[in-house]
Amino acid sequence: MKAFMKSPLLIGAAALAMTGLAGCSGSNNDNGSASGSPAASPAASSAAPSASSSAPATKSGEVPTLVWWTIGGQIPANYDKAIEKINEYTAEKIGVKIDLRVAGWGEWDTKINTIVNSGEPFDIMFTNNSKYSQQVNMGAFADITDLVQSATPDLYNLVPKMVWDGTRIGGKVYAVPTYKDSSATQYWVFDDALVKKYNIDLAGIKTMQDLDKPFRDIKAGEGKSYYPLSLTQGEGFNGFFNAYDDMTLGFAPIGVKTDDGSRKVVSVLEQPDTMANLKLMHQWYKDGIINPDAPTKIEADPYRPFFSAQAFPGAEVNWQINAGIEKYDMVKVSGPIYTTSTIQGSMNAISANSKYKEEALKYLQLVNTDSKLRNMLAFGEEGVDFDYVSDNVVERKTDTWPLPAYTQGTFFNLAVTKGAPEDQWEQVRKLNEAATSSTILGFALDITDLATEVANVKSVWSKYSYELVTGASDPEKQVPKIADELRKAGMDKIIQAAQAQIDAYFKA
């Protein structure tokens, strides 16, 4: 899944999702919401022929180093050594190296905005549904519609057409989607020790209201300073807005109910189902079920008694490792479902100003087609961060590798983490195949003429969202105030324009 999961996803997909990283994962520094596959094992599969041919990327014979900005956790002591090994491999394979820079979970939003707004040079950048359309509208990313087919046919053919179509803005492709749990399946995750201790009936949990009794039982039994629901400001309750398709706007307060055949665009915060869940969250906050520092807490704790995440069977194995516990139990609460935003929950775009656009695409092709590279990125340094158990199974030795696998490339050339089902990725593929679709799947809001209004409403939302999505503020008082400010900032104009675009899109 952090996810965002790390969320919602995507997987994903996450990140994700669900809120800022909603399309993906619900476990921030979770390297295992997307597992990995063998790195330096002799048995690891190599890239497809066109991706593996070794050739210098420049006429002078120099090996270009691409700057790739991504999101992740704290950099471990062996990070440079692990990247050096990755670069030795890719320089030999395709004549390209990488300078892989990590923006922390808490700083990613601000850091990426600064890079894009200042014009700081980069070649590849992780993006998702909360950022993508706005960054494209700013001219930050290259149009790769034709280049991805001509320069990297193996990459293009790997990703299903529907997933490519989900990245299109104005009919053009500006990013490479990470083909994984591209439909979103949402899970609620409990520490199994607590499930047993408090006799929690997992089969009876279907709605947020069903969580009330288990949370209160845990709170009563564990004491005043124990918080069954530990939240952070950036994520809140992961997947909280999943019932609404945000049209790739990356703005939860406007959307279309995913099962609404009329495709009506609404003010999400003012809908009865949203308000009921916000009121429940506020009650939990007042009763000490949610941690009091949630509105200001930036990083999630490694261990959480309960969390929500976009995920798939076996994802709990990596969460258990990160949390240092025996077992997590997962309860599926929604999905799988495809929306354009779940597809956009994890993508990598190429800078419009990059001197190495084709090289960057070839690097992403290698990530998606070469298991050895895929695993190095997902798991770190072999012998330090992980070992091979078999050709397609790895055992993680540390929980410090900072790069979440869901941000990098497909799941379908990854090894499985020891303890997860060996057919884990086949199960993910089946989830995608079984997914239902949002009634507006394929539609992405064109914000070309709405840039000012979108920026304004996002600014308003940023003032209030941390307290609202963590339960700290009273929704009966705050939602009318927020809605009023959003309307003054241009929400109604966005809703009207979105409705007109949807009507025209589905009429055509």
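The values are calculated or read from the model by the stated rules, or taken from the named source; none is laboratory data. Being a predicted model, the structure only gives us computed values, none of them experimental. A quick note on method: Cβ atoms are made from the backbone with ideal geometry, for glycine too, and the neighbour counts reach across all protein chains shown. What goes into the accessible areas is simple: the full protein's heavy atoms, side chains included, and nothing from ligands, DNA or RNA. Shrake-Rupley method; radii C 1.70, N 1.55, O 1.52, S 1.80 Å.
Annotations for the structure displayed:
- Cleavage-rule hits, trypsin sites (Lys or Arg not before Pro), segment 351-446, DSSP coil, Cβ neighbours within 10 Å at most 13: Lys355
- Given charges at beta-carbon only (K, R positive; D, E negative), |dipole| of the chain in Debye: 560
- A 1.4 Å probe run over the protein chains yields, for segment 274-429, 32 Å² of accessible area per residue, whole-number rounding.
- Residue-averaged 222 nm ellipticity for the chain, from DSSP H runs of 4+ at -39500 (n - 2.57), nearest 500: -10500 deg cm²/dmol
- Kirkwood Rh, Cα atoms: Rg over Rh of segment 179-293: 1.00
- Full extension of the chain segment joining Asp80 with Arg216 gains 44.4 nm, where the gain is 0.36 nm per residue of separation less the Cα-Cα distance.
- Taking the Kirkwood radius as Rh and the Cα radius of gyration as Rg, segment 77-164 has a ratio of Rg/Rh equal to 1.00.
- Extension gain for Lys286 to Thr448 (0.36 nm times residue separation, less C-alpha to C-alpha distance): 54.1 nm.
- Distance (nanometres) between label positions extended 7 Å along Cα→Cβ at Asp503 and Lys481: 3.5
- Of all aspartates and glutamates in the structure, the ones whose alpha carbon falls short of 13 Å from that of Lys196, not counting any fewer than 8 places away in one chain, are Asp217, Glu326, Asp329.
- Over 33 Å [Cα-Cα, the chain], rounded percent: 33
- Label-to-label distance, Glu422 versus Thr65, with points set 7 angstrom from Cα along the beta-carbon direction: 4.1 nm.
- Separation of alpha-carbon centers, segment 456-508 and segment 343-381, rounded to whole Å: 34
- Placing +1 on each Lys and Arg Cβ and -1 on each Asp and Glu Cβ, with no other charges, gives segment 440-508 a dipole about its Cα centre of roughly 60 debye.
- Percent accessible area from carbon and sulfur atoms, segment 394-488, protein chains only, probe 1.4 Å: 44
- Diffusion coefficient of segment 349-508 by Stokes-Einstein, Kirkwood radius over Cα pairs, 25 °C, 0.890 mPa s: 120 µm²/s.
- Charge-dipole axis of the chain as Lys and Arg at +1 and Asp and Glu at -1 on Cβ define it, positive-most pick from Ser334, Tyr198, Met125: Ser334
- Modelled FRET efficiency - R0 30 Å, Glu395 with Glu433, Cβ distances, 0.05 increments: 0.50
- Taking the protein heavy atoms of segment 84-203 in the context of the full set of protein chains, the accessible area attributed to carbon and sulfur is 48 percent at 1.4 Å.
- Listed cross-link partners Lys111/Lys372; Lys197/Lys332; Lys213/Lys286; Lys172/Lys362; Lys264/Lys458 are compared with a 24 Å cut-off, the Cα-Cα value being larger for Lys111/Lys372.
- Between Asp165 and Lys206, the simple label model (points 7 Å from Cα in the Cβ direction) yields a spacing of 3.2 nm.
- About the Cα centre, charge dipole magnitude for segment 190-326 (Lys/Arg +1, Asp/Glu -1 at Cβ), debye: 320
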